[in-house]
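Enquirer: First the structure, which I've put down as C-alpha cells, then a few questions once you've had a look.
The values are calculated or read from the model by the stated rules, or taken from the named source; none is laboratory data. Worth saying up front: this structure is predicted, and the values here are computed from it rather than measured. Here Cβ is always computed from backbone atoms with ideal geometry, including for glycine, and neighbour counts include all displayed protein chains.
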Amino acid sequence: MSLLRPLLGFLVAVVLGIGLYFSYSNYIALDAAATTADRSGGRGFGNRVQAVIAMPARKEVFADRLEAIGTLMANESIVVTARVQGIIESISFQDGKTVEAGTALIQFDEDEESARLQVELANLDEQRKQFERIAGLARANATSEARYDEQQAAVKKAEANVAAARAHLSDFTIRAPFTGRLGTRRISIGALVSPGAVITTLDDLSFVKLDFSVPETYLSTLREGLEIEATTAAYSNEVFRGVVTSIDTRVSPTTRSVEIRAKITNTDQRLRPGMLMVVDLIKDRRESLMIAEESLVPFDNQQFVFVVGHDNTVERVPVAIGRRRPGSVEVLEGIALGDLVVTEGNTSLSSGDSVRLLNEADVRGDTPSVSIRPSQG
C-alpha cells in the first residue's frame with residue numbers, strides 16, 4: 001500500500017502534464033492561424049489593425065554644414081598715432097563717434113612750422129625773380145648758358161623746399177583716412193607728444209571680416225561665395241549671415257588647415273572686432289527628398305520604411321539614404337515625393353498589415369504634392 005500511493009501520484013502528474021502540453025500546443029496553433037488570417041486580409045480569426053502616424057515625403061533644401069570657430073575683424077582698422085613731436089592745440093572728436101574721411105581729429109601747435117613755410121615761400125619768390133632776370137639776359141646773349149641753368153636749378157630746389165615744408169606742416173593736423181568709428185582718445189589738450197604716440201583708434205564697421213580655418217580635407221569643396229551662418233555669445237538668440245570672400249593660398253603645415261575669410265554686413269555696428277563667433281559654413285546646398293529619421297527601420301545592414309497605400313495597408317520598402325540632420329534624413333532612392341511614410345508605430349509592422357492613421361485628417365487633406373502609393377498586395 002505504501003508503494004501504490006506514490007505510484008498513483010506519479011501517474012496523475014504525468015497525465016496532467018500531457019494534458020497541459022496538448023492544450024498549449026493547440027493555443028499556439030490557433031494563434032498562428034489567427035495571425036496568418038490577419039495578414040492575408042482578415043480571413044480566419046480576425047483582422048489586426050494597428051494605429052500609426054504617417055507623414056508625406058517632402059522636398060526640402062538641404063546643405064552640409066561645417067562648424068568652425070572664428071574671430072571678427074573690422075573692414076578697415078588703424079591706430080591713430082602722431083607723426084611729429086608737438087603740443088596738442090585742439091581736439092576735434094568725441095569718443096565713439098563716427099567721422100567721415102578727411103575730418104580733422106587733432107591739431108598741433110604749428111606756429112613754428114608755418115613760419116618755416118613762409119621762409120621757404122619767400123625764398124622761392126626770390127629765386128623765381130632772379131630766374132626771370134637771368135632769362136632776359138640770356139635772350140639778349142648777355143649771360144652764359146651755365147648761369148641760366150644754375151638759376152633754373154635753384155628755382156626747382158626752392159619749389160621742392162616749399163613742398164616739403166607744406167607736407168611737414170600737414171602732419172601737424174591729423175585727419176581720418178576713411179569713414180569709421182573712433183575709439184577712446186588717449187591724449188589731452190596741451191600735452192607734448194612724440195612721433196608714434198597713440199591718439200585713438202578708428203574702425204570701419206560698415207561690415208566686418210570673419211576669419212576662421214577648416215581642415216584641408218574640405219579644400220576641394222571650398223569656393224568664394226559660399227554662405228555662412230555665425231553666432232556669438234553676446235547675441236545668443238540671433239544668427240548673422242555672410243559670404244566667403246577669400247580662401248588662403250596656403251595650408252598651414254602645423255594645423256593642416258586653410259584660412260578662410262567671410263564678410264558679414266554690420267549696418268547696426270553691433271558686431272565688434274575681436275569677438276569670437278561659432279561659424280557654420282554652408283556647402284553643397286541642394287533640394288532633397290526628406291523624411292523623419294524615426295521612419296527608418298534597419299534590418300540586415302539595410303534601411304526600410306513602411307509606406308501606406310490607398311487601402312490603408314502598408315508595404316515595407318527598401319530605401320537608400322544620404323545625409324542626415326537632427327530629426328530628418330535624406331532619401332536618395334526607394335520612395336517618391338508625397339509617399340505616406342509611417343513615422344510612429346512602425347516597430348511591429350509587416351508588409352500587408354492594415355493600419356489606421358491617427359493623423360488621417362491632416363495627411364489626406366495635405367497639399368497636392370502628396371501622393372498615396374497604391375498597395376501592391
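Enquirer: Against the condition modelled with pLDDT of 90 or more and over 37 Å from the mean Cα position of the chain (by Cα), how does Thr313 come out, does it pass?
Expert: yes
Enquirer: While we're here: If you check Ala146, Ala167, which single one turns out to be small (Gly, Ala, Ser), assigned to a helix (DSSP H, G or I), within 27 Å of Ala197 (Cα to Cα) and without any contact (Cβ under 8 Å) to a residue 24 or more places away in the chain?
Expert: Ala167
Enquirer: Residues in the range 350-364: is at least one modelled with pLDDT under 85, exposed (fewer than 13 other Cβ atoms within 10 Å of the Cβ) and over 22 Å from Leu66 (Cα atoms)?
Expert: Yes, some residue in the range 350-364 is modelled with pLDDT under 85, exposed (fewer than 13 other Cβ atoms within 10 Å of the Cβ) and over 22 Å from Leu66 (Cα atoms).
Enquirer: Evaluate the range 304-313: report whether one residue or more is of a type in the set (Phe, Trp, Tyr) and without any contact (Cβ under 8 Å) to a residue 24 or more places away in the chain. Quick ask: steps written out before the conclusion?
Expert: Within the range 304-313, the first condition is being of a type in the set (Phe, Trp, Tyr), and the residues that meet it are 304, 306.
This time we only want the ones that are without any contact (Cβ under 8 Å) to a residue 24 or more places away in the chain, so: 304.
So far as the range 304-313 goes, yes, one or more of its residues are of a type in the set (Phe, Trp, Tyr) and without any contact (Cβ under 8 Å) to a residue 24 or more places away in the chain.
Yes or no, residue by residue, for (1) in contact with a Phe, Trp or Tyr (Cβ under 9 Å, 6 or more places away or on another chain); (2) crowded, with 17+ Cβ neighbours inside 10 Å; (3) of a type in the set (Asp, Glu); (4) not assigned by TED's automatic domain parsing to the domain that holds His168:
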{"position": "Val193", "(1), (2), (3), (4)": "yes, yes, no, no"}
{"position": "Glu216", "(1), (2), (3), (4)": "no, no, yes, yes"}
{"position": "Leu219", "(1), (2), (3), (4)": "no, no, no, yes"}
{"position": "Ile228", "(1), (2), (3), (4)": "yes, yes, no, yes"}
{"position": "Tyr235", "(1), (2), (3), (4)": "no, no, no, yes"}
{"position": "Pro253", "(1), (2), (3), (4)": "no, no, no, yes"}
{"position": "Asn266", "(1), (2), (3), (4)": "yes, yes, no, yes"}
{"position": "Arg270", "(1), (2), (3), (4)": "yes, no, no, yes"}
{"position": "Val278", "(1), (2), (3), (4)": "no, no, no, yes"}
